[in-house]
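Q: Have a look at the structure that comes next, please.
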Amino acid sequence: MTVRIQCRCGTVQGEIEPSGVYARLTCYCRDCQAWARWLGGPGLVDDRGGSDVLAVVPAQMRFTRGLEQLRCATFSGRVLRWYAACCRSPLANTAADPKVQYAGVLATAVVSPAEVQALAGPPGRVVANHKSATGPVRATPLALAGAVVQVGSRIIGGRLRGVRRSPFFDDAGQPLRVPERISPPPAAEAVR
């Protein structure tokens with residue numbers, strides 16, 4: 001059984017092998033908050049500005065429908081933020097290099113929240129960048145360290161095995177879409 005993902009309107013669809021989902025965290029960084037503001041949709045972050053993210057091995061995911069709607073934007077050029085143009089739904093964040101076997105799939109893109117919880121635990125158990133939250137958030141240093149180790153070991157393992165497959169990049173290692181360079185709004189703007 002695979003974990004199904006899709007954009008809000010259902011035009012873009014895909015799936016992830018369950019073994020490809022290995023961690024879940026809530027990120028409160030300013031870039032994730034700016035990304036939610038840029039997309040402009042409701043429910044992209046929690047009430048304190050956090051994005052619920054699943055750490056996924058991109059080689060274990062694929063798009064099954066609507067690939068022509070896939071778009072890419074970036075603030076820095078280092079992190080690519082993928083979304084569905086049809087409804088401006090966030091899908092995932094990746095490194096600009098496909099050799100980095102990591103995709104941060106937004107939990108809002110997963111069709112079944114129960115599947116997410118069964119595979120990767122409840123939201124808020126692992127918190128990153130808590131100091132950038134727009135309200136009080138409890139830090140989880142031990143859980144975060146464990147997630148960092150999981151992510152790092154998957155990235156290193158993929159690099160050692162020479163894995164480059166990713167549904168976001170072509171066979172030559174180029175992003176499927178030219179990343180649109182966007183400027184984040186001022187950090188003082190709160191996410192709502």
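Q: Only residues that are of a type in the set (A, V, I, L, M, F, W, C) and open to solvent by 10 Å² or more (accessible area, probe 1.4 Å): list them for the stretch 1-22, please.
A: Our first condition is that a residue be of a type in the set (A, V, I, L, M, F, W, C); within the stretch 1-22, this holds for 1, 3, 5, 7, 9, 12, 16, 21.
Residues satisfying the conditions are MET1, CYS9, VAL21.
Q: Name the residue, out of ALA133, ALA143, ALA128, ALA120, that is among the small types (Gly, Ala, Ser) and open to solvent by 30 Å² or more (accessible area, probe 1.4 Å). Let's see the steps before the verdict.
A: Numbers: ALA133 fails: open to solvent by 30 Å² or more (accessible area, probe 1.4 Å); ALA128 fails: open to solvent by 30 Å² or more (accessible area, probe 1.4 Å); ALA120 fails: open to solvent by 30 Å² or more (accessible area, probe 1.4 Å).
None of the others qualify; the one that does is ALA143.
Q: Return the only residue of GLY162, GLY173, GLY121, GLY152 being free of Cβ contacts under 8 Å to residues at least 40 places away in the same chain and at positive phi. Steps first, answer last, please.
A: Working: GLY173 fails: free of Cβ contacts under 8 Å to residues at least 40 places away in the same chain; GLY121 fails: free of Cβ contacts under 8 Å to residues at least 40 places away in the same chain; GLY152 fails: at positive phi.
After applying the criteria, what remains is GLY162.
Q: So ARG165 clears everything in (1) basic (Lys, Arg); (2) under 24 Å from MET1 (Cβ atoms); (3) not in a loop (DSSP other than H, G, I, E, B) except one condition, right? Which one?
A: That leaves (3) as the condition not met.
Q: Could you please find all residues in the stretch 170-184 being outside any loop (DSSP other than H, G, I, E, B) and either charged (D, E, K, R) or over 16 Å from TYR83 (Cβ atoms) (or both)?
A: Once the filter is applied, which keeps residues that are outside any loop (DSSP other than H, G, I, E, B) and either charged (D, E, K, R) or over 16 Å from TYR83 (Cβ atoms) (or both), the stretch 170-184 yields GLU180, ARG181.
Q: Here is a further query. Using the structure shown, decide if THR64 is assigned to a strand (DSSP E or B), over 25 Å from GLY157 (Cα atoms) and among the hydroxyl-bearing types (Ser, Thr, Tyr).
A: In short, yes.
Q: Tell me, which strands (runs of 3 or more DSSP E) wholly within the stretch 1-60 include 2 or more residues that are under 12 Å from the mean Cα position of the chain (by Cα)?
A: On the way: elements: 3-6, 13-16, 21-27, 51-56.
Counting at least 2 such residues, we get 21-27, 51-56.
Q: Can I ask one more? What number of residues in the stretch 158-173 are modelled with pLDDT of 90 or more, among the small types (Gly, Ala, Ser) and surrounded by 11 or more Cβ atoms within 10 Å (Cβ to Cβ)?
A: Looking only at that region, the number is 2.
Q: For the stretch 135-147, does any single residue satisfy the condition of being closer than 28 Å to GLN6 by Cβ and either more than 18 Å from the chain's Cα centre (by Cα) or among the charged types (D, E, K, R) (or both)?
A: No - not one qualifying residue is present in the stretch 135-147.
The values are calculated or read from the model by the stated rules, or taken from the named source; none is laboratory data. This one's a predicted model, so the numbers in the text were calculated from it and none came from an experiment. All Cβ positions, even for glycine, are placed from backbone atoms using ideal geometry, and neighbour counts span all protein chains on display. Side chains included, ligands, DNA and RNA excluded: accessible areas come from the protein's heavy atoms. Shrake-Rupley method; radii C 1.70, N 1.55, O 1.52, S 1.80 Å.
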